[in-house]
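Asker: To start, I am sharing the structure in question, which I have written as structure tokens.
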Amino acid sequence: MAIARMRQIDVSVARWYHCMSRCVRRAFLLKKHGLLDRKAWIENRIGELAEIFAIAVGGFSVMNNHIHLLLRIDPEIGDGWSDEEVVRRWGRLFPPRDKGRRPLPISEAWVQDRLKDRAWVARARERLRSISWFMKCLKEPLARLANREDKVRGAFFASRFKSVAILDEASLLAVCAYIDLNPVAAGIAVTPESSDHTSIKARVEHVEAQGQTAQLEAAKNGSVAGSLAAAGVEESLWLCPIEDRRGLDSSREGMVAGFSLGSYLLLVDYTGRLFRAGKAVISAELADVFARLRIGSETWQARLKKLRAGRWFGRFFAATRERLKAVAERLGVGYVRNLSNCPAV
């Protein structure tokens, strides 16, 4: 029996969620054909929604028949918006329309009219903090566009999307790496940075566009000096930064404090070699990365292998049994199952 989404996504349990949605019948409906580049449309739409919602995007990959997203709920950001900002953000999603259903510019009169309805504003604010509404606003427009192009009717995506609560930093990075490596695992791309329509390629291209490739290479050593060299490389990127530098030089919340983008790329490169060749050398820098995560390379390999299996059972993902027990106590249940029986220490 399906579990209600409101019970699956609980910000008091976890702020990070791995969401996956498949095309109906797992058909390759996102593969490019016709005039509409569907993968590019989705990638652009994810960026647009990240600007509108109180939800941060930590990772994504758009495959031929499914989409992966790593999303963080930021309710305090939505709470800080004025009523007028809520109305204007909602207007970007659902603008007023004329009798022919063509979108109209958001006028001051329309904004003021919406502001009179306090209940409507409260409901819109809540939806702008909802992962369910984020996924709805991502998938529905594409489904209409694609069906119109294919001259068909009916469902484009399967009715529900999978959501898994990410409970700690090691699991967060494992999921992020797994998402970024989807094209490599599927044999579509040879290296992570050459994987089209992925967050890792967006991160690398952003750094290259700023001319900061040298700083990124310096950050790979995982040292304090390397971290300082990479300061700000993701500050203007729409994706959530890998490193949380709020205690250093940024007001933006990142994913993991003290873990640089360079270290993440090193970790993904190592994991990608495992996917391609089944083995990889652990360098001194990478050993430091595993030490920072307090996880062994064998455990890391086992967890990524479980994720690659593709048969996801469970609604929670943690690196330690203690974290799973804490969530079980919080929910008032005897135990919660780790995703696909991934090993926990």
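The values are calculated or read from the model by the stated rules, or taken from the named source; none is laboratory data. All values derive from a computational prediction rather than experimental measurement. Neighbour counts are summed over all protein chains in view; Cβ atoms, including those assigned to glycine, are modelled from backbone coordinates with ideal geometry.
Asker: How about the stretch 155-174: which of its residues are crowded, with 22+ Cβ neighbours inside 10 Å and assigned to a loop (DSSP other than H, G, I, E, B)?
Answerer: Within the stretch 155-174, 167 is the sole residue that qualifies.
Asker: Does residue 324 qualify as being in a helix (DSSP H, G or I) and within 22 Å of residue 190 (Cβ to Cβ)?
Answerer: Spelling it out, it is not the case that residue 324 is in a helix (DSSP H, G or I) and within 22 Å of residue 190 (Cβ to Cβ).
Asker: Which one of these is under 27 Å from residue 18 (Cα atoms) and touching a His at 6+ places or on another chain (Cβ under 6 Å): 93, 70?
Answerer: Answer to the check: 70.
Asker: Cβ-Cβ below 6 Å, separation at least six or inter-chain, first residue in the stretch 54-65 and outside the structural domain of residue 42 (by TED's automatic domain parsing), second surrounded by 20 or more Cβ atoms within 10 Å (Cβ to Cβ): which pairs?
Answerer: So the pair list comes out empty.
Asker: Among residues belonging to the stretch 175-201 that are of a type outside the set (Val, Ile, Thr), touching an Asp or Glu at 6+ places or on another chain (Cβ under 8 Å) and not in a loop (DSSP other than H, G, I, E, B), point out the one that is modelled with the lowest pLDDT.
Answerer: 192
Asker: Also, I was wondering about something else. Collect the residues in the stretch 146-195 that are more than 19 Å from the chain's Cα centre (by Cα) and not small (Gly, Ala, Ser), keeping them in residue-number order.
Answerer: Answer for the stretch 146-195, where residues must be more than 19 Å from the chain's Cα centre (by Cα) and not small (Gly, Ala, Ser): 147, 148, 149, 150, 151, 152, 153, 156, 188, 190, 191.
Asker: Separate question: Residue 286: part of a loop (DSSP other than H, G, I, E, B) and without any contact (Cβ under 8 Å) to a residue 24 or more places away in the chain, yes or no?
Answerer: Against the criterion (part of a loop (DSSP other than H, G, I, E, B) and without any contact (Cβ under 8 Å) to a residue 24 or more places away in the chain), residue 286 does not qualify.
Asker: Considering 314, 254, which residue is small (Gly, Ala, Ser) and either touching a Cys at 6+ places or on another chain (Cβ under 8 Å) or in a helix (DSSP H, G or I) (or both)?
Answerer: Checking each option against the conditions leaves just 254.
Asker: Got a number for residues in the stretch 79-88 being surrounded by 13 or more Cβ atoms within 10 Å (Cβ to Cβ) and either more than 15 Å from residue 113 (Cα to Cα) or of a type in the set (S, T, N, Q) (or both)?
Answerer: Residues meeting the conditions: 1.
Asker: Are any residues in the stretch 110-135 under 30 Å from residue 324 (Cβ atoms) and out of contact with any Gly (no Cβ under 7 Å at 6 or more places or on another chain), and if so, which ones?
Answerer: Listed by number, the residues that qualify are 126, 130, 131, 132, 133, 134, 135.
Asker: Can you tell me which residues in the stretch 313-340 are within 29 Å of residue 260 (Cα to Cα) and within 23 Å of the chain's Cα centre (by Cα)?
Answerer: 315, 316, 317, 318, 319, 320, 323, 324, 327, 338, 339, 340
Asker: Go through the stretch 150-174 and report how many residues are aromatic (Phe, Trp, Tyr) and either free of Cβ contacts under 8 Å to residues at least 60 places away in the same chain or over 13 Å from residue 70 (Cα atoms) (or both).
Answerer: 2
Asker: Among helices (runs of 4 or more DSSP H) lying entirely in the stretch 1-112, which contain 2 or more residues that are under 27 Å from residue 182 (Cβ atoms)?
Answerer: The qualifying helices (runs of 4 or more DSSP H) are 5-8, 38-52.
Asker: Suppose we keep only residues that are under 18 Å from residue 15 (Cα atoms) and of a type in the set (Lys, Arg) within the stretch 313-329. Which one would you say is surrounded by the fewest Cβ atoms within 10 Å (Cβ to Cβ)?
Answerer: If we take residues in the stretch 313-329 being under 18 Å from residue 15 (Cα atoms) and of a type in the set (Lys, Arg), then 325 is surrounded by the fewest Cβ atoms within 10 Å (Cβ to Cβ).
Asker: Of everything in the stretch 56-78, what is closer than 23 Å to residue 115 by Cα and among the aliphatic types (A, V, I, L, M)? Give them in sequence order.
Answerer: Listed by number, the list holds a single entry, 77.
Asker: Which residues, counting only those in the stretch 253-282, are farther than 16 Å from residue 203 by Cα and without any contact (Cβ under 8 Å) to a residue 60 or more places away in the chain?
Answerer: Within the stretch 253-282, 257, 258, 270, 273, 274, 277, 278, 279, 280, 281, 282 meet the criteria.
Asker: Could I ask something else about it? Could you look through the stretch 22-51, keep only residues that are closer than 27 Å to residue 316 by Cα and over 14 Å from the mean Cα position of the chain (by Cα), and pick out the one that is surrounded by the most Cβ atoms within 10 Å (Cβ to Cβ)?
Answerer: 23
Asker: State the number of residues belonging to the stretch 114-149 that are in contact (Cβ under 8 Å) with a residue 60 or more places away in the chain, of a type in the set (Lys, Arg) and either touching a helix residue (DSSP H, G or I) at 6+ places or on another chain (Cβ under 7 Å) or not assigned by TED's automatic domain parsing to the domain that holds residue 26 (or both).
Answerer: The qualifying residues number 1.
Asker: Give all pairs with beta carbons closer than 7 Å in which a residue from the stretch 192-215 that is in the same structural domain as residue 242 (by TED's automatic domain parsing) and under 19 Å from residue 236 (Cβ atoms) meets a residue that is modelled with pLDDT under 95 and hydroxyl-bearing (Ser, Thr, Tyr); count only pairs at least 6 apart in sequence or on separate chains.
Answerer: 201/195; 207/213
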